[in-house]
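The values are calculated or read from the model by the stated rules, or taken from the named source; none is laboratory data. What you see is a predicted model, and the numbers here were worked out from it, not measured in a lab. Reconstructed Cβ throughout: ideal geometry from the backbone, glycine too, with neighbour counts over all protein chains shown.
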Amino acid sequence: MPATLTINGHSIPATPGASIFELAERLGVQVPTSCNKQGKCKECIVEVAEGSRLLTPPTEKEEHLKGNFRLSCQAQIEEGDGQIRCHTMRRGNMRIERQALGLPVSGQKMEVDPAVTRDGDRILIDGEEIARSSGPIHGIAMDLGTTTIVVRLVNLETGELVADASFENPQRFGGSDVMSRIHYDDVHGGKLLMRTLSGYLSHVIQAFPVDPLTIYEMVVVGNSTMRDIFFRQSVHSIGQSPYQSITEIEMAEGKRTSTVLVDNGKRCLLPIHPRARVYGGPIISGHVGADAAACMLAVDIIHETRRVAVMDIGTNTELIVGNKDRILAASCPAGPAFEGGAIACGMPGLEGAIEDVRIRDDGVFELGVIGEATQAPEGVCGSGLVDLMSELLRTGRMNELGRFEDGSQRITLDPSHNIYFLESDVNELAQAKGANVGGLQVVFNNFGLDFNDIDVFYLAGGFGRHLKVDAARRIGLIPNLQDEKVVRVGNASIEGATIALLSKRKRKELEELVKRVEHCRLETHPRFFDYFVEGCQFKLVESANASDETVPAGGVVAA
Ligand code: FES
C-alpha cells in the first residue's frame, strides 16, 4: 500500500516516483511556480512536517534550503508505507480588519496627501514626473515580517483600500529568526532571500484587481534585517555587536541624514511601475526597526499626552512606551512560536486555523476554526495557542511551569484531523513569552514606571485583535492590567505603513520622531535574564519592578 500525501489539508495516495508538485496538481492544490517544475525559480517550496523519510534525498537544486523545507518539484515519493504531511508557503486573507479599531486614528478619515500626485496625465512623485497616464494611481503598504507578510493596495487619490493579502514569508527556508536569516544571507551569495521574496510578492501583486503598472509607490516597513535584505543591503553588521544596520553606520559617519532607504520598482524586481518609488521606512536601531516606527505612527504617540505602551507581538516583538515627551523602545527576540512557527501543529491565522479553544467540563475540546462552518481544522494559530494554554491552566491540566499534569508529552485536540499539542510546543511558547515579558520589564524599569502607571496598553500583532485578553493575562503574556486599559489593535505596523503611504506630512513627522526615541538594549541589561526566566512561567505578570535600582549604565542608549 503506497504512502499517503497530505498537502494543505488535502490527501492523496502518494504514488512512488511522483513529485509532491505533481500530486498537488492532481489534488488541485496550487503551488507557486514561474519555471514549470524545472527546479529554477525556487518558488515551489513546501515545509514537510511529517514523513521526510518517504521522500527522495534533496537534489543539488535544493542546496539552499535549510531544515524541513523542500522544492516540491524535486522531492519525489519513495516506496514505503506511512504519512507525508506538508504545506506550501501559506497565502490567504489573514484576519486583517480593513479599518483600524482602537487606534487614535480610528473612525477618522485618513489624511490623503500622498507623495504621488497627478497634473493632467503627468504622474509626479514629489513634483517630479515619472510617468504619463490618465489611469488611476495606486500605492502599496507592506509590513514585512520575519514570519508573515501583509500587503495593502490603496488608491492614492481617494485613500480607499482596494485589496489586501497576506502570506508566509517564503524566506523561512533560510531560518526562522532574524539571526539565522543574517547568517544565511552572509553565506549564500546571489541575494537568494531577496529574490525569493520578490517572486512571491510579484505573484501577490499580479493577483490584485488593478494593473500593476498603476502602482507608483510602495512603503515597506519591517524589522531592520527584513527591510535591509529587501533593499539588497548587507545585514552582516546587524548580526554583530553593536548590532547596527548599515544605514545607522552610514548616518553616524555623516554619509546620510536618515535611515530611510529608497529604490525603484525595477531594481526591486517587482511588476509595479519600473519608476515607482519603493520607500523603506526609517528604523530606530539595528533591532528596533521600521515596523516599530510604523506602530508609533499608528498610535499617534507624537501627539499623545497619556502614558501608553505598545506591544506588537511577532517573531520579533516590538515594545514602545511613553508619550509625546519621552519614548523608549525595545525589540524582543521572541521567535516565531506565537505566529504558529516552531509549533508541531502551528500555523498562521489563515483559514483552517483553530483560533478558539474551550475545554468543556467533561474534558472535551471545543474548537473554533477560521473560515466557513465546514472548514476542517489544519492547525492552531497564535490566538488559539494562547487560548489553549489558558484553558489547560484553568482546568489544571498544565501547571505554571508548562508541564502536563498527567505526565504525557502530547495532548490531542482533534483526533480526526490529527491535531495535537506537545509539551515541547509549550517550551517554545514559554521562551517566546519569557522574551516578551523580560523586554517589558526592562523597558518599564528603565522608564521608572510600573505597569499600573500606564493609561493605555495597546496589544498589537497579526493576532492582536483576536486574542482574548483574559487568556493572555492568565498565561502571563501581558501584564495583569484592568480590562479597560488593554486595547487590542490588530496589525498596527500595516496601519502605520498605510498612514505613511497616504501622507507626506506624517511620513516626515515619523522620520524626525525616530531620531529621538531611546533604544533599550535588552542584551546589556543586567537583569534581563532573570526577567526572562520569570516570564517563562505561566502565571500573572504583576510588577514592572519600578522600585529596582535605576537605569544601569548601558541599559538605555539614544537611538
Ligand atoms: S517549480 Fe520552479 S523550482 Fe520548482
Checklist entry - What helices (runs of 4 or more DSSP H) lie completely within segment 470-538 and have 3 or more residues being farther than 25 Å from residue 289 by Cβ? => result 528-535
Checklist entry - Any idea how many residues of segment 376-399 are over 24 Å from the mean Cα position of the chain (by Cα) and either surrounded by 12 or more Cβ atoms within 10 Å (Cβ to Cβ) or of a type in the set (A, V, I, L, M) (or both)? => result 9
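Matching residues to (1) more than 26 Å from residue 177 (Cβ to Cβ); (2) basic (Lys, Arg); (3) at pLDDT below 95:
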site	(1), (2), (3)
318	no, no, yes
328	no, no, no
334	no, no, yes
338	no, no, yes
344	no, no, yes
347	no, no, yes
353	no, no, yes
358	yes, yes, no
365	yes, no, no
Checklist entry - Is there any pair linking a residue in segment 31-42 that is in contact (Cβ under 8 Å) with a residue 12 or more places away in the chain and β-branched (Val, Ile, Thr) to one that is more than 6 Å from the ligand (Cβ to nearest atom) and not in a loop (DSSP other than H, G, I, E, B), with Cβ under 7 Å and at least six apart or on different chains, and which? => result 31/21; 31/24; 31/88
Checklist outcome for this item: Counted residues in segment 1-52 being within 28 Å of residue 420 (Cβ to Cβ), of a type in the set (D, E, K, R) and crowded, with 16+ Cβ neighbours inside 10 Å come to 1
Next on the checklist: Within segment 32-62, take every residue that is out of contact with any Asp or Glu (no Cβ under 7 Å at 6 or more places or on another chain) and at pLDDT below 90 and give me the one that is farthest from the ligand (Cβ to nearest atom).
Outcome noted: 50
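Here is a yes/no grid of residues against (1) touching a residue at least 12 places away in the same chain (Cβ under 8 Å); (2) of a type outside the set (Gly, Ala, Ser):
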position: 244; (1), (2): yes, yes
position: 257; (1), (2): no, yes
position: 269; (1), (2): yes, yes
position: 277; (1), (2): yes, yes
position: 292; (1), (2): yes, no
position: 296; (1), (2): yes, yes
position: 300; (1), (2): yes, yes
position: 306; (1), (2): yes, yes
position: 324; (1), (2): yes, yes
Checklist entry - Condition test on residue 457, is it at pLDDT 95 or above, of a type outside the set (Lys, Arg) and not in a loop (DSSP other than H, G, I, E, B)? => result yes
Item to check | Filtered residue count, segment 114-125, keeping only those that are surrounded by 11 or more Cβ atoms within 10 Å (Cβ to Cβ) and closer than 19 Å to residue 159 by Cα | outcome: 8
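One residue is enough: does segment 63-77 have a residue meeting the conditions of a type in the set (D, E, K, R) and within 8 Å of the ligand (Cβ to nearest atom)?
No; the residues of segment 63-77 include none that is of a type in the set (D, E, K, R) and within 8 Å of the ligand (Cβ to nearest atom).
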Checklist entry - Only one of (1) in contact with a Lys or Arg (Cβ under 7 Å, 6 or more places away or on another chain); (2) closer than 19 Å to residue 469 by Cα fails for residue 384. Which number is that? => result (1)
Checklist entry - Of the residues that sit in segment 362-375 and are touching a strand residue (DSSP E or B) at 6+ places or on another chain (Cβ under 7 Å) and of a type in the set (Val, Ile, Thr), which one is surrounded by the fewest Cβ atoms within 10 Å (Cβ to Cβ)? => result 369
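Which of the helices (runs of 4 or more DSSP H) contained wholly in segment 202-302 include at least 2 residues that are among the charged types (D, E, K, R)?
224-230, 246-252
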Next on the checklist: Pairs needed: first member in segment 9-30, free of Cβ contacts under 8 Å to residues at least 40 places away in the same chain and closer than 20 Å to residue 374 by Cα; second member anywhere, part of a loop (DSSP other than H, G, I, E, B) and within 16 Å of the ligand (Cβ to nearest atom); C-beta distance under 6 Å; at least 6 residues apart or different chains.
Outcome noted: 10/29
Item to check | Flag if residue 15 is near the ligand (Cβ under 8 Å from one of its atoms) and of a type in the set (Val, Ile, Thr) | outcome: no
Checklist entry - What number of residues within segment 53-75 satisfy the criterion of being surrounded by fewer than 22 Cβ atoms within 10 Å (Cβ to Cβ) and over 24 Å from residue 188 (Cβ atoms)? => result 1
Next on the checklist: So in segment 137-146, with the set limited to residues that are buried (at least 24 other Cβ atoms within 10 Å of the Cβ) and not in a strand (DSSP E or B), which one is nearest to the chain's Cα centre (by Cα)?
Outcome noted: 145
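Just to be sure before I move on: is residue 116 among the β-branched types (Val, Ile, Thr) and in contact with a Phe, Trp or Tyr (Cβ under 8 Å, 6 or more places away or on another chain) in the structure I sent? Walk me through how you get there before you give the answer.
Numbers: among the β-branched types (Val, Ile, Thr): yes; in contact with a Phe, Trp or Tyr (Cβ under 8 Å, 6 or more places away or on another chain): yes.
Yes, satisfied.
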Item to check | residue 5 vs. criteria more than 14 Å from the ligand (Cβ to nearest atom) and in contact with a helix residue (DSSP H, G or I) (Cβ under 6 Å, 6 or more places away or on another chain) | outcome: yes
Checklist entry - Out of segment 425-446, which residues are closer than 17 Å to residue 342 by Cα, touching a Gly at 6+ places or on another chain (Cβ under 6 Å) and of a type in the set (A, V, I, L, M)? => result 426, 430, 432
Checklist entry - Across segment 243-280, what is the total count of residues that are of a type outside the set (A, V, I, L, M, F, W, C) and out of contact with any Ser or Thr (no Cβ under 9 Å at 6 or more places or on another chain)? => result 13
Checklist entry - What number of residues in segment 21-31 are more than 10 Å from the ligand (Cβ to nearest atom) and closer than 27 Å to residue 205 by Cβ? => result 6
